[in-house]
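Here the structure comes first, spelled out in structure tokens, and everything after it is commentary.
The values are calculated or read from the model by the stated rules, or taken from the named source; none is laboratory data. Worth saying up front: this structure is predicted, and the values here are computed from it rather than measured. So basically every Cβ, Gly included, is an ideal-geometry build from the backbone, and we count neighbours across all protein chains shown.
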């Protein structure tokens, strides 16, 4: 898939639903190669949807193709995205990706995970993405997260597969349950607002409920001792090391504000804070003294840069930082000197 023409042909054929499985994998590999490829695919898809025309008629000639590309560039430059609400088009794509709302960038890949075909959305470190699924469910995907969704539901069940963190506002369909699968448990709902944090590198898998009710049940890979039912304002946490589940009352804003580009820390463990900052800003942070990880921090950040955040933290905690070879190194201050 080296030429522009072959890329164009594959993308348009995919939009028309005419690709075989092998060709879909070929296109998915190309999309996965770079963010530019993913954005290029998203741009063409958006203009194709907005055109309300058969994609195969968009560019029959090279001249028409050049006009089409110009339209893509204009839409991308001004972030003008018009979305068709026709249900047939919604179900053809399974998810509408709002490229103009990305924070830091979004990589979108269409991958043949298994049959049936799953649509995969990926928010790299340093970005947050927003999407609408085929059933009108609104999803925010946090940095370093992946979500899979198939337009072909099985047994009248809506299913998504999550690695990382996502906030859901699930469209209400009483006879079609919505299930979020993680590696450790499943979150079952019919219509509600909740947040699931399931990063593989974290010690805890948490679900925080804002509205409605959810049931936490065993996954295919992990068996829970019992089903957990959450009510608004509650959070369930599965501790991997202890192999135990805990339910507690929480301030839900503390765990869902990230979708509004706002982070709230209440006596947060510094080790956890570093992980969060690395994901949000796509940076590499090292500490030169393990005692630093025992510190705790409380605060709120909105639109600050990583350096502004570090400046704020160092006025609260006994730390200093320096940047070496694109890496942030945090030192501990002791008696006015760096240790």
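Of all residues in region 222-251, those satisfying the criterion of being assigned to a loop (DSSP other than H, G, I, E, B), at pLDDT 90 or above and under 30 Å from residue 319 (Cα atoms) are 250, 251. Restricting attention to region 263-279, the residues that are more than 22 Å from the chain's Cα centre (by Cα) and in a strand (DSSP E or B) add up to 4. Residue-level analysis places residue 313 outside the set of residues that are assigned to a helix (DSSP H, G or I) and under 19 Å from the mean Cα position of the chain (by Cα). For region 171-193, the criterion of being touching a helix residue (DSSP H, G or I) at 6+ places or on another chain (Cβ under 8 Å) and closer than 17 Å to residue 138 by Cβ is satisfied by no residue at all.
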